[in-house]
1. Separation between the Arg11 and Thr88 pseudo-spin-labels, each 7 Å from Cα along Cα→Cβ, expressed in nm?
2. Quick one: which residues, 5 or more positions from Leu130 or on another chain, have an amide H under 5 Å from its amide H? H modelled 1.01 Å from N in the peptide plane, none for Pro or chain starts.
3. Please work out the FRET efficiency for the pair Thr106 and Asp67, using the Cβ-Cβ distance as r and a Förster radius of 30 Å; give the result to the nearest 0.05.
4. Rounded if a/c is under 1.5, else prolate if a/b is larger than b/c, else oblate: which is region 89-241, with a ≥ b ≥ c the root eigenvalues of its Cα gyration tensor?
5. Which order do the peptides 23-33, 201-211, 87-97, 61-71 come out in when sorted by mean C-beta neighbours inside 10 angstrom, highest first?
6. Leu94: net charge of surrounding residues, Cβ under 13 Å, Lys/Arg +1, Asp/Glu -1, itself excluded?
7. Which far-off residues, 5 or more places away or on another chain, put their amide H under 5 Å from the one on Gln122, with H placed in the peptide plane?
8. Around Gly166, with a cut-off of 11 angstrom between Cβ atoms, what is the net charge of the other residues, counting Lys and Arg +1 and Asp and Glu -1?
Amino acid sequence: MTEFDGLPALRSPIAIAAFEGWNDAADASTAAVEHLQQVWNARPVATIDPEEFYDFQVNRPTVSLVDGESREIQWPTTRFLVASPPDTDRDVVLIRGIEPSMRWRTFCDALLEICHSAEVTQVVLLGALLADVPFSRPLPVSGTGADQAAAQRFALTSARYEGPTGIVNVFHDACAYAEIPTMSFWVHVPHYANNPPCPKATLALLHRVEELLDLPVPVLSLAEESAEWEGRLRQATEQDAELADYIRELEERSGDAGMRPLTGDEIAQEFEKYLRRRGGQAGPSATGQSPW
């Protein structure tokens, strides 16, 4: 069921997981895990055998050329990678998967087996959902924490959704049953701009990862892509009066307590955390130029 490529001894590892499919609007959450994989040079350590969990007519395998000659089939699956971020005393297990077509509970058992083997101390689940939010404002992040203090620390808006669910919530429940501390972050993606990628949504999730681990995540190229994404949408609203009116309505609606401006003390606290994560060096915002 599980293929290991040598599971190393890890330092108080935390797992960060995202899954393609219903839980991944605009591919924002899986893009966050892929970004972490690249900037932290994560190495693969295990995969889930896909045979029991996927309908290959829905998630088809792909074929690619190796050295321009031999063909190699790549099967849709869920992969585990290990990263050792610089300047921290813990490792990170990255879980990059696809929502299974069947046997969800067995699938979660397989994920938990690897988490237990790696002695994971906490699981963080990333998701993305479509919502009525203005692209011009910070994209909200909702979710659930291990306790109320965690929810307040990460400024999570309360998740009040009821209805059909996906593998993120099912795995969250399985982790809780297994007594593994678990929290989830869901970024709200503008439904009128849901074609992937959505770099601004991916950035919102990565900022939560930064806060959680209290260490910097390099995001410069992604920040530039986010600015370009916003620029394209702003241009679209200038050419579409109906869309512009709708965005203004969303902006007015979003001006509630959850979107209130930060106080001076809160700005100072956030800037102190920003400097601490980056070794005390002031970033571009210190000169009046926003890095975003």
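1. The two pseudo-label positions are separated by 1.1 nm.
2. Val189
3. Taking R0 as 30 Å, the efficiency between Thr106 and Asp67 is 0.20.
4. Cα axes put region 89-241 in the prolate bin.
5. Ranking, from highest mean packing down: 23-33, 201-211, 87-97, 61-71.
6. Numbers: positive: Arg43, Arg79, Arg96; negative: Glu34, Asp91.
Once all neighbours under 13 Å are counted, the net charge is +1.
7. Residues meeting the criterion, in which the H sits 1.01 Å from N, are Ala15.
8. Within the 11 Å Cβ shell, the charges total -3.
Any read-out appearing in this document is the output of simple, stated calculations on the displayed coordinates, not a laboratory observation. What you are looking at is a predicted structure, and each value in this text was computed from that prediction instead of being measured. As a convention, Cβ positions derive from the backbone with ideal geometry for all residues, glycine included, and neighbour counts pool all protein chains shown.
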